[in-house]
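The values are calculated or read from the model by the stated rules, or taken from the named source; none is laboratory data. Just so we're clear, the structure is a prediction, and the values are computed from it rather than from any experiment. Cβ atoms come from the backbone with ideal geometry, glycine included; neighbour counts cover every protein chain shown. Just so you know, the surface numbers come from the protein's heavy atoms only, side chains and all, with ligands and any DNA or RNA stripped out. Shrake-Rupley method; radii C 1.70, N 1.55, O 1.52, S 1.80 Å.
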Amino acid sequence: MASGAAFHRAYPHATQQAFLEAHELAFRWFGGVFRTLRFDNLRSAVKKILRGHQREETTRFIAFRSHWGFQAEFCTPGEGHEKGGVEGEGGQYRRNYLVPVPRVAQPGRAEPASGVWSRSEQARLITGRCQTIGALMLAEREHLLPLADEGFDLAALHFPQINQSGCVKVLTNFYSTPLPVGTTVEAKVYSAYVEIWHGGHCVAQHERCYERHQQVLELDHYLDVIERKPGALAGSTALEQCRTQGRWPAIYDRFWSLASERNDRQTGTRAMIEVLLLSRTYGTARVRKAVEEALELALPA
């Protein structure tokens with residue numbers, strides 16, 4: 001509040017992981033940790049409102065603020081004037097940078113613009129002050145606590161078993177894995193993605209799904225099974241999702257079609273599967289380039 005500087009970040013959902021992650025990013029933005037932070041009574045931090053300003057805080061929030069070394073104060077419910085600076089800043093930012101509402105393909109795409117907006121605010125002179133926000137921010141930084149050497153482990157942990165479909169249920173959705181049915185794994189849930197760990201290694205990473213009862217599948221996780229039953233590739237849900245997400249280039253269909261025409265459908269599909277398996281060794285980019293070059297040699301100009 002001394003400088004009037006502000007940090008903003010957009011998230012698709014107000015999860016506890018997003019709440020904590022935004023704090024860590026803000027600490028780095030300000031160059032230190034404020035000794036006291038004032039909060040509304042959001043569920044990510046408050047489990048129960050007690051008498052006066054006393055609160056029963058969530059376990060994760062207590063661990064988080066202990067890690068970073070700040071104290072928390074909580075406002076009286078319905079008393080907006082106790083955090084008037086925040087309310088005013090939110091309105092100022094919305095009017096200047098969110099009208100009209102910006103449209104992005106994915107929530108993460110908004111962050112580069114948000115960073116530019118936050119930097120541009122440093123040149124602003126707040127009415128009644130003699131220095132810009134940026135200049136006051138530098139002076140304010142001298143009074144902040146130093147940043148911790150390491151960040152807080154932001155992930156929420158779950159320990160599901162792999163089902164008959166090769167997936168694990170995390171919260172309300174199912175995420176594919178390359179491991180055998182019945183294996184117990186560690187699922188780490190972040191604001192934007194879900195990691196599946198086993199034996200000390202990350203075996204799968206998926207974009208976090210905020211819908212309910214959805215399957216989030218990676219085609220590569222099913223290639224070993226599909227290799228034995230090539231006819232299952234064309235109608236597989238994993239392939240359909242791959243196409244929908246734009247991760248199945250048109251050159252793959254051209255290669256698949258040409259291989260099927262020169263042999264038969266099953267042989268052509270096996271050839272397509274073999275190409276996909278090469279990505280595990282050589283990477284997707286190199287395999288795509290090789291397919292492009294192969295098609296140029298195979299097709300007349």
The chain: Rg/Rh from Cα coordinates, Kirkwood Rh?
1.09
How big is the charge dipole of the stretch 150-266 about its Cα centre, in debye rounded to the nearest 20, if each Lys and Arg gets +1 on its Cβ and each Asp and Glu gets -1 on its Cβ?
340 debye
Give the separation of the Cα centroids, the stretch 195-245 to the stretch 126-144, in Å.
50 Å
Length-normalised contact order for the chain - Cα pairs under 8 Å, 6+ apart - percent:
14 percent
Take residue 294, project a point 7 Å from its Cα along the Cβ direction, then tell me which residues of the stretch 241-260 have their backbone nitrogen under 12 Å from it.
252-260
For the chain, the dipole about the Cα centre with charges only on Cβ (Lys and Arg +1, Asp and Glu -1), to the nearest 20 debye, works out at 480 debye
Computed FRET value (nearest 0.05) for residue 254 with residue 207, which takes r as the C-beta separation and R₀ as 35 Å
0.80
Run the quick spin-label model on residue 236 and residue 129: label points 7 Å from Cα toward the beta carbon, then report their separation in nm to one decimal.
5.6 nm
Ordering of 185-193, 38-46 by burial proxy (mean other Cβ atoms within 10 Å per residue, highest first)
185-193, 38-46
Space enclosed by the convex hull of the alpha-carbon atoms of the stretch 181-276, per residue, Å³
123 Å³
Between residue 148 and residue 225, Cβ-based FRET efficiency (R0 51 Å, step 0.05) works out to 0.70
Ignoring ligands, DNA and RNA, please state the percent of accessible area on the stretch 226-301 from carbon and sulfur, probe 1.4 Å.
51 percent
Could the peptides 204-212, 278-286 be put in order, highest first, of the mean number of other beta-carbon atoms found within 10 Å of their residues?
204-212, 278-286
Towards the positive end of the charge dipole of the chain, with charges on Cβ (+1 Lys, Arg; -1 Asp, Glu), say which of 14, 172, 266 has the farthest Cα.
14
Where only protein heavy atoms count, and the probe is 1.4 Å, what is the accessible area per residue for the chain in Å²?
60 Å²
Given the options 205, 77, 3, identify the residue whose Cα lies farthest towards the positive end of the charge dipole of the chain (+1 on Cβ of Lys, Arg; -1 on Cβ of Asp, Glu).
77
